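Peer 1: Following this message is one structure expressed as structure tokens.
The values are calculated or read from the model by the stated rules, or taken from the named source; none is laboratory data. Just so we're clear, the structure is a prediction, and the values are computed from it rather than from any experiment. Quick reminder, even Gly has a Cβ in these numbers, built from the backbone with ideal geometry, and neighbours come from all protein chains shown. Just so you know, the surface numbers come from the protein's heavy atoms only, side chains and all, with ligands and any DNA or RNA stripped out. Shrake-Rupley method; radii C 1.70, N 1.55, O 1.52, S 1.80 Å.
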There are 2 protein chains.
Amino acid sequence: MVAKAKKLKIIPLGGLDEIGKNLTALEYGNEIIMVDCGMAFPDDDMPGVDMVINDITYLEKNWSKIKGIFLTHGHEDHIGGLPYFLKAINVPVYGTRLTIGLVEHKLKEHNLLSSVKLVRAKYGNVINAGQNFSVEFVRTNHSIADSAALAIKTPVGTVIHMGDFKIDTTPIVGDMIDLARLGELGKEGVLAVLSDSTNVERPGYAMSERSVGEKFEQIFKGCNKRIIVATFASNVHRVQQIIDAAAKNGRKVAVSGRSMENIVEISILLGYMKVPEGVLINIDNIKKYRPNQVVIITTGSQGEPMSALTRMAFSDHRKVEVTKDDLIIISATPIPGNEKSVSNVVNELFKIGAEVIYKSLAEVHVSGHACQEELKLILALTKPKFFIPVHGEHRHLVLHKELAQKVGIPEKNSFVLSNGQVLELDSKTAKIAGTVPAGKILVDGLGVGDVGNIVLRDRKHLSQDGLIIVVVTISHDSKEIVSKPDVISRGFVYVREAESLIEGVKHVAGESISDCLGKRNMDWSTLKSSMKASVAKYIYEQTKRSPMILPIIEEI
Amino acid sequence: MVAKAKKLKIIPLGGLDEIGKNLTALEYGNEIIMVDCGMAFPDDDMPGVDMVINDITYLEKNWSKIKGIFLTHGHEDHIGGLPYFLKAINVPVYGTRLTIGLVEHKLKEHNLLSSVKLVRAKYGNVINAGQNFSVEFVRTNHSIADSAALAIKTPVGTVIHMGDFKIDTTPIVGDMIDLARLGELGKEGVLAVLSDSTNVERPGYAMSERSVGEKFEQIFKGCNKRIIVATFASNVHRVQQIIDAAAKNGRKVAVSGRSMENIVEISILLGYMKVPEGVLINIDNIKKYRPNQVVIITTGSQGEPMSALTRMAFSDHRKVEVTKDDLIIISATPIPGNEKSVSNVVNELFKIGAEVIYKSLAEVHVSGHACQEELKLILALTKPKFFIPVHGEHRHLVLHKELAQKVGIPEKNSFVLSNGQVLELDSKTAKIAGTVPAGKILVDGLGVGDVGNIVLRDRKHLSQDGLIIVVVTISHDSKEIVSKPDVISRGFVYVREAESLIEGVKHVAGESISDCLGKRNMDWSTLKSSMKASVAKYIYEQTKRSPMILPIIEEI
């Protein structure tokens, strides 16, 4: 009998059916490597939650197999889960220089830096991980410097993970995405490609990052106002272009917002940002210059409540006061779900009388993700046998699969997977073979995973109609009510205007308890649920609202 | 001394700095007329609130002056506040036939129909209101039938309120907006125009509603699947076009969703919708036909949680089961804030395997509001001395004012007002002269105005981190704790996984009370706030969360 040939497993644990918390495991025999380890922002239906990370049950069970984590780039949805993962499983982390620089900063905040092995890789480097994997970093373009695709050689063939990318023929720093290398790999033979589906709904090509710089120069030239530009802190190239346009027009640059300060510091330190001598000034010193001598680069392009731009707009920033002599440029488009917050910030800035440039129409932003023509080009170059669309909501994955058919990848060779599904491949075949645990772990304050569905359901219920607490003290001996029920409400109604309603609740609760106490075989849980039901019924009849009712019975 | 000439006051009470709850009062001497009386949907920061209406303190104080309410059209943001207003102040309501039809339906639901005087007006009708006002209904085009601009003659000049409008040269039913009459009024002389700012950010012209119908016919023709179209119920013309395209292709039409059923019924009854004999079928009968013989028209184009389309997408609709043999068309664009819900619904439909046409790119939707060229045209035709941009967030109003300058309305003659500001005009001048009360009144269940800032703040707090209740019973006589503190939490943490935390809270609460009870001059409120502070501190140290802490002290 011949030993059954081993198969390669590709297991996406995060990043499918969502844009966020990317994490893919590749497993062969006794070895696993991971691509990325991201976080996601909470949805609207997760009130109070700070962050969402992946369920890593499967990796914890197989911890001894893991040879390393390979990072495609330094965005939070690709590295944000690392501190939580590394606390559980300490494995080496590989990435390009800026990516590792950002990871270092993150691990320092979590007091993990000294215990983790971080390895800097250059484009073209091939890193062996265990006996079965070797990983080559291939240059790509994206809205952060030093992004990479990973060409992963395995015993059954080469798998390419594209990371997040676009094709920028005129990038700001460094070279264009290494299409030649991708083409070479294609000629050698590629088993499977995993590719970025974010912009699959958009026809054509993404514009070059450089086009934004040209627009900045146009706007800055001859502008007599102070200029404030909000953008993503991690878009090092965007920030560089703002600095360049400022310097060219004899303006100083100040930076506002914690993440912006961090990234600018790290980028300058690592040589990813070049600031002409004397251009960067401390935000405390902006008043020493005339308005037309200053550019402020700030966080808050998504209208985040606590961000620097939002605080400026609502006159709540300690160091920058926006006036009608300011020009504000929002160099970003709202991420789905943030439209209203951004719109609120723009309205506030208009109220102050400031000039605001905020439409993508004004060409002050381009996307960092490939559009349809670029996506097709990558598939045409790499000619994979199998295709797995990743980094997208379900519709993006389906549309990417349909797009792949146009460049000749048969429908049966494309796999729209869900997180946790296992795709098993050998050099000729691929099939879905079972699932492993996958899901959302919620981070709230210091708690990881202690907020789940019941807690969220209660939070939502409380937010909708508030709560009513009914406290009753009952004598242990006589089984009689010792004092009249007490009623406390929060988030329900102005109590002063609802005295008769509260009196009504007391009355109904008291009656319900007296009824119960009179019965034989009375127990506490029946008493509580009966009181709860009567009060809920009464409140709904009176108000058509359904607050949470909490009966508290003290026995003395 | 000459008696001071009376002035006209224009007082917007709702609809400025917001899209929603439109209401404008015009006052001259002892007479007031109102234009529209709308509602708004609650913002994200109003959890549990059903609806927002206007503060009408000013109108209540001046109730005896009010001569009538004139409605521009039947959308909720123009008529939704009527039941609440009419309960407080019963005045006659004037509108075109469909508008009044919709108002009738609304008042019936609130048991108000018999007590209110409703007057149907035709285009061209001039209605006298009191001694000082006469109102003419002028035909416009909009995404609901029977929309009107109001030409209001006053002793100081003519004021035109445009309502919501677009210019549609090829409307589905009826004629194009009466540009000739608007031009005539312009020649006679117009004192002031109030105009719709919704689409002021969009260059060019809004497409004709008819273009959507052509697209429907294209899609329906030869389609072998069952077709489900989601759109706004109130868009009578859109629904008509779907019915027409269905009939042309030999399909039956069924209707799903309460508001869709209502509007179709009212529209057919009033003759605003023409359905060929035998085309309309009951939703219960759709299974009697092959998929390619059926079109279902449904609500839910905004991804509303309880709407028919959302229930279909999540396999929760009692009568329609979506399969991969369905084509779903979402004939609408998401209203800002609804992007994520719509996106979720689309993803669910993709998961079922259905085909979904959902981009505005696919030309299955056009806007009902005028774009820049149309807005300029109206101002150029009516040539008002003064201009008041309405129906928009602050930035829309400012941009509309800037647009007006391009057609020759000097900046000083345009007024960007806030709700409650009073604009005082005579035949030559206009100036802002004070303010009257204006604001948001929240409707929650049966309660109108009993949910305010404190209640909302509590609801938001509860939704973020939940609550912890600490119950302590203290002896009245001995001033000692009778039983160990009890701790109840909701929306905070899984209690089973946090036993030691809850024990810690009991301990901290007990210590804090013992400390207090030991002191002289102890009072209940000090006791409570001290216990609250110790527990909050302990919880924050342990979890970095700040749940609401409710201390309950029972004295026996």
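Peer 1: Using a basic spin-label model with each label point 7 Å from the Cα along Cα→Cβ, how many nm lie between residue A:351 and residue A:61?
Peer 2: 5.4
Peer 1: Another question about this same structure. Can you give the convex hull volume of the alpha carbon atoms of segment B:402-520 per residue, in Å³? Provide the component values of the computation, followed by the final result.
Peer 2: Details: hull volume 34.4 nm³, N = 119.
That works out to 289 Å³ per residue.
Peer 1: Note the angle between two axes, namely the Cα long axis of helix B:236-248 and the longest principal axis of the Cα atoms of chain B, as a number of degrees from 0 to 90, rounded to the nearest 10.
Peer 2: Between the helix axis and the principal axis of chain B, the angle is about 70 degrees.
Peer 1: Starting from 0 in steps of 5 Å, tell me what percent of the Cα-Cα pairs of segment B:453-555 lands in each bin.
Peer 2: 2, 13, 24, 24, 16, 12, 7, 2, 0
Peer 1: Ratio of Rg to Rh for segment A:336-387, alpha carbon only, Kirkwood?
Peer 2: When Rh is taken as the Kirkwood radius, the ratio is 1.28.
Peer 1: Any chance you could check segment A:476-491 for residues losing 50 Å² or more of accessible area when the partner protein chains are in, compared with the chain on its own (1.4 Å probe)?
Peer 2: A:490, A:491
Peer 1: A further question follows. Largest first, please: the extent of the C-alpha atoms of the protein assembly as shown along each principal axis, to the nearest Å.
Peer 2: Extents along the principal axes, in whole Å: 103, 81, 78.
Peer 1: Identify, among A:548, A:473, A:535, the residue whose Cα sits farthest towards the positive end of the charge dipole of segment A:453-555, taking +1 on the Cβ of Lys and Arg and -1 on the Cβ of Asp and Glu, with the dipole about the Cα centre.
Peer 2: Farthest towards the positive end: A:548.
Peer 1: Can you tell me which of A:315-326, A:190-201 comes out highest on packing, and rank the rest after it, using the mean Cβ neighbours within 10 Å?
Peer 2: Per-residue Cβ counts within 10 Å, averaged per peptide and sorted highest first, yield A:190-201, A:315-326.
Peer 1: Per-residue Cβ counts within 10 Å, from other chains only, averaged over B:544-550: what number is that?
Peer 2: 4
Peer 1: Could you check what % of the DSSP bridge pairs in segment A:312-464 are antiparallel, to the nearest 5?
Peer 2: 60
Peer 1: FRET efficiency for residue B:555 and residue B:44, Cβ-Cβ distance as r, R0 = 60 Å, nearest 0.05?
Peer 2: Result of the calculation: an efficiency of 0.90.
Peer 1: Also, quick follow-up: At 0.36 nm per residue, and after removing the present C-alpha to C-alpha distance, how many nm does the segment from residue A:402 to residue A:522 gain when stretched out fully?
Peer 2: Working: separation 120, 0.36 × 120 = 43.20 nm, distance 6.44 nm.
Value of the extension gain: 36.8 nm.
Peer 1: Follow-up. Per 10 Å bin, what percent of the C-alpha pairs of chain A does each bin hold, from zero upward?
Peer 2: With a bin width of 10 Å, the distribution comes to 3, 16, 22, 20, 15, 12, 8, 4, 0.
Peer 1: May I pose another question? Using modelled amide H (1.01 Å from N, peptide plane; none on Pro or chain starts), what sits under 5 Å from the amide H of residue B:550, excluding residues fewer than 5 places away?
Peer 2: Amide H neighbours of residue B:550, under 5 Å, 5+ apart: B:468, B:469, B:470.
Peer 1: So, counting K/R as plus one and D/E as minus one, what does the shell of residues with Cβ under 11 Å around residue A:135 add up to?
Peer 2: +1
Peer 1: Let me ask something additional. Taking +1 at the Cβ of each Lys and Arg and -1 at the Cβ of each Asp and Glu, which of B:345, B:442, B:429 sits farthest along the dipole of the protein assembly as shown towards its positive end, judged by Cα position relative to the Cα centre?
Peer 2: Checked the options; the winner is B:429.
Peer 1: Regarding segment A:52-196, what is the average projected area of its C-alpha convex hull, in nm²? The partial results should precede the final answer.
Peer 2: Working: hull surface 36.2 nm².
The Cα convex hull of segment A:52-196, projected and averaged over all directions, gives 9.0 nm².
Peer 1: Among the chymotrypsin sites (Phe, Trp or Tyr not before Pro) within segment A:258-351, which fall in a DSSP loop and have no more than 11 other Cβ atoms within 10 Å of their own Cβ?
Peer 2: Counting only loop positions with at most 11 other Cβ atoms within 10 Å, none of the chymotrypsin sites (Phe, Trp or Tyr not before Pro) in segment A:258-351 qualifies.
Peer 1: To the nearest 500 deg cm²/dmol, what mean residue ellipticity at 222 nm is calculated for chain A from DSSP H runs of n ≥ 4 alone, each contributing -39,500 (n - 2.57), summed and divided by the residues?
Peer 2: Estimated from H runs of four or more residues: -9500 deg cm²/dmol.
Peer 1: Please name which of A:98, A:323, A:253 has its Cα lying farthest along the dipole of chain A towards the positive end, using unit charges on Cβ (Lys, Arg +1; Asp, Glu -1) and the Cα centre as origin.
Peer 2: Most positive-ward Cα: A:98.
Peer 1: Relative contact order of chain A, please, whole-number percent, based on alpha carbon pairs below 8 angstrom and at least 6 residues apart.
Peer 2: Value for chain A: 15 percent.
Peer 1: What's the carbon and sulfur percent of chain B's accessible surface, probe 1.4 angstrom, rounded to a whole number?
Peer 2: 49
Peer 1: What is the dipole size for segment B:209-360, taken about its Cα centre, with +1 at each Lys and Arg Cβ and -1 at each Asp and Glu Cβ, in debye to the nearest 20? Walk me through the intermediate numbers first.
Peer 2: Numbers: 21 positive and 16 negative charges, 72 e Å.
Once rounded to the nearest 20, the dipole reads 340 debye.
Peer 1: For the protein assembly as shown, what is the charge dipole size about the Cα centre, in debye to the nearest 20, if Lys and Arg each add +1 at the Cβ and Asp and Glu each add -1 at the Cβ?
Peer 2: Details: 134 positive and 130 negative charges, 344 e Å.
For the protein assembly as shown, the charge dipole is close to 1660 debye.
Peer 1: Between chains A and B, what is the buried accessible area in Å², counting both sides, with a 1.4 Å probe and ligands, DNA and RNA left out, to the nearest 100?
Peer 2: Approximately 5300 Å², summed over both chains.
Peer 1: Right, another one. Give me the distance in nm between label points sitting 7 Å out from Cα along the Cα-to-Cβ direction at residue B:5 and residue A:223, one decimal.
Peer 2: It is 4.6 nm.
Peer 1: In Å², and per residue, what accessible area does the protein assembly as shown have when probed at 1.4 Å with the other protein chains present?
Peer 2: 42
Peer 1: Based on alpha-carbon positions alone, could you give the equivalent ellipsoid semi-axes of segment B:145-289 from the gyration tensor, as √(5λ), descending, whole Å?
Peer 2: After scaling each eigenvalue by five and taking roots: 37, 17, 13 Å.
Peer 1: I want the antiparallel fraction of DSSP beta bridges within chain B, as a percent rounded to 5.
Peer 2: Numbers: 49 of 95 bridges.
So the antiparallel bridges amount to about 50 percent of the total.
Peer 1: Measure nothing but the geometry: give the 0 to 90° angle between the long axis through the Cα atoms of B:97-109 and the longest principal axis through the Cα atoms of chain B, rounded to 10°.
Peer 2: Taking the Cα atoms of chain B, the angle to B:97-109 is about 30 degrees.
Peer 1: Out of segment A:466-556, which chymotrypsin sites (Phe, Trp or Tyr not before Pro) are coil in DSSP terms and have no more than 16 other C-beta atoms within 10 Å?
Peer 2: Those that pass, being in a loop and sparsely packed, are A:494.
Peer 1: Quantify how strongly other chains surround peptide B:442-453 by giving the mean number of their Cβ atoms within 10 Å of each of its Cβ atoms.
Peer 2: Numbers: counts 0, 0, 8, 9, 6, 10, 0, 2, 10, 7, 3, 1.
Taking the mean over all residues of the peptide, I get 5.
Peer 1: Same structure again: State, to one decimal in nm and shortest first, how far the label point of residue B:405 sits from each corresponding label point in the other identical copies (label point: 7 angstrom along Cα-to-Cβ).
Peer 2: Counterpart label points of residue B:405 in the remaining copies fall at 5.3 nm.
Peer 1: Sort shortest first the distances from residue B:155 to its counterpart in every other copy, using label points 7 Å along the Cα-to-beta-carbon line, and give them in nm.
Peer 2: 9.8
Peer 1: Mean separation of Cα pairs under 8 Å and 6+ residues apart, divided by the residue count of segment A:453-555: what relative contact order is that in percent? Write out the running numbers ahead of the final one.
Peer 2: On the way: 141 pairs, mean separation 38.4, N = 103.
RCO, segment A:453-555: 37 percent.
Peer 1: Please determine, in degrees from 0 to 90 and to the nearest 10, the orientation of helix B:499-518 with respect to the longest principal axis defined by the Cα atoms of chain B, where the helix direction is its Cα long axis.
Peer 2: Between the helix axis and the principal axis of chain B, the angle is about 70 degrees.
Peer 1: What share of the DSSP beta bridges in segment B:453-555 is antiparallel, in percent to the nearest 5?
Peer 2: 45
Peer 1: Right, here's the next one. Could you rank the peptides B:140-146, B:366-372 by their average count of other C-beta atoms within 10 Å per residue, with the highest value first?
Peer 2: Ranked from most to least packed, the peptides come out as B:140-146, B:366-372.
Peer 1: May I pose another question? What are the trypsin sites (Lys or Arg not before Pro) within segment A:386-465 that DSSP puts in a loop, where the Cβ has at most 10 other Cβ atoms within 10 Å?
Peer 2: In loop regions of segment A:386-465 (DSSP not H, G, I, E or B), the sparsely surrounded trypsin sites (Lys or Arg not before Pro) are A:428.
Peer 1: Which percent of the Cα-Cα distances in segment B:325-462 go past 20 Å? Intermediate values should be presented prior to the final figure.
Peer 2: Working: 6462 of 9453 pairs.
Above the 20 Å cut-off, segment B:325-462 has 68 percent of its Cα pairs.
Peer 1: Might you report the magnitude of the Cβ-based charge dipole of segment B:357-509 about its Cα centre, with Lys and Arg at +1 and Asp and Glu at -1, to the nearest 20 debye? If you can, show how the numbers build up before the last one.
Peer 2: Details: 19 positive and 18 negative charges, 154 e Å.
For segment B:357-509, the charge dipole is close to 740 debye.
Peer 1: Sticking with this structure for a sec: Could you check the simple spin-label distance between residue B:431 and residue B:290, using points 7 Å along Cα→Cβ, in nm with one decimal?
Peer 2: Result: 7.6 nm between the two label points.
Peer 1: Assume the label is 7 Å from Cα along Cα to beta carbon: what separations in nm does residue A:188 have to the matching positions in the other copies?
Peer 2: Listed shortest first, these distances are 8.3 nm.
Peer 1: Here's something else I'd like to know. Across peptide A:464-473, how many C-beta atoms of other chains are within 10 Å of each residue C-beta, on average?
Peer 2: 5
Peer 1: In a solvent-free Debye calculation with one equal scatterer on each Cα, what is log10 I(q)/I(0) for segment A:209-361 at q = 0.10 Å⁻¹, listed in the order of the q values?
Peer 2: -0.30
Peer 1: Here's something else I'd like to know. Long-range amide H contacts for residue A:96: which residues qualify at under 5 Å (H placed 1.01 Å from N, peptide plane, sequence gap of 5 or more or a different chain)?
Peer 2: Amide H neighbours of residue A:96, under 5 Å, 5+ apart: A:121.
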